[in-house]
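Undergrad: Okay, handing you the structure first.
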Amino acid sequence: MATSRTKKRPTRKAKPRPTRRKPETLRTRTVTPSFTVNDLQRSIGWYEGVLGFTIADRWEMGGTLMGVELKAGATRLMIGQDDFAKGRDRQKGVGMRLYLETAQDLDRLAANITARGGMLAQPPTVQSWGDKTFDVTDPDGFRLTFVQR
């Protein structure tokens, strides 16, 4: 006859909660960046076909696709068609970079991206602070840095 045994776990004292600042500071749970792109279909193709994002939602106006919400794991990114109200030659992506942390093997991820036609702006490199990173630039000039800690 078998008996079940349960191990007693050591008891830990709960850490006291920090005192909240008054007035309360901002606390958010997620951030979803949104990029305005020159050619929505080209950008969808790049984010899906090259990076591996999938479409989570689509926005249409009068039967015309105006934007999508992309997802990759827990990350969300929105891209929308530029209406060119500020001109067709408006530069995008300047001074902007997204850091996407992943547990995936960065060398394999970078190899898969280049195999699907993507170009790396920076190959996988171990940074001075210890993280491994590589960079890509989307069709509109937005820079994405993939990070493996």
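The values are calculated or read from the model by the stated rules, or taken from the named source; none is laboratory data. Note that the coordinates shown come from a computational prediction; the quantities given were computed from them, not determined experimentally. Cβ coordinates were reconstructed from backbone atoms using ideal geometry, including for glycine residues, and neighbour counts include every protein chain displayed.
Undergrad: List every residue pair whose Cβ atoms lie under 8 Å apart, where the two residues are 6 or more positions apart in sequence or sit on different chains, the first residue falls within region 64-82 and is among the small types (Gly, Ala, Ser), and the second residue, located anywhere, is part of a loop (DSSP other than H, G, I, E, B).
TA: ALA72/GLY52; ALA72/PHE53; GLY73/THR102
Undergrad: Looking at THR19, THR36 in this structure, which one is without any contact (Cβ under 8 Å) to a residue 24 or more places away in the chain and either over 18 Å from the mean Cα position of the chain (by Cα) or surrounded by 10 or more Cβ atoms within 10 Å (Cβ to Cβ) (or both)?
TA: THR19
Undergrad: I'd like to verify a number: residues in region 45-59 that are surrounded by fewer than 20 Cβ atoms within 10 Å (Cβ to Cβ) and either of a type in the set (A, V, I, L, M) or touching a residue at least 40 places away in the same chain (Cβ under 8 Å) (or both), how many?
TA: Residues meeting the conditions: 5.
Undergrad: Among the residues in region 92-110, are any loosely packed, with under 10 Cβ neighbours inside 10 Å, at pLDDT 95 or above and either part of a strand (DSSP E or B) or on the phi > 0 side of the Ramachandran plot (or both)?
TA: no
Undergrad: Moving on. For region 84-93, indicate whether the set of residues that are over 17 Å from the mean Cα position of the chain (by Cα) and of a type in the set (Gly, Ala, Ser) is non-empty.
TA: Yes, region 84-93 contains a residue that is over 17 Å from the mean Cα position of the chain (by Cα) and of a type in the set (Gly, Ala, Ser).
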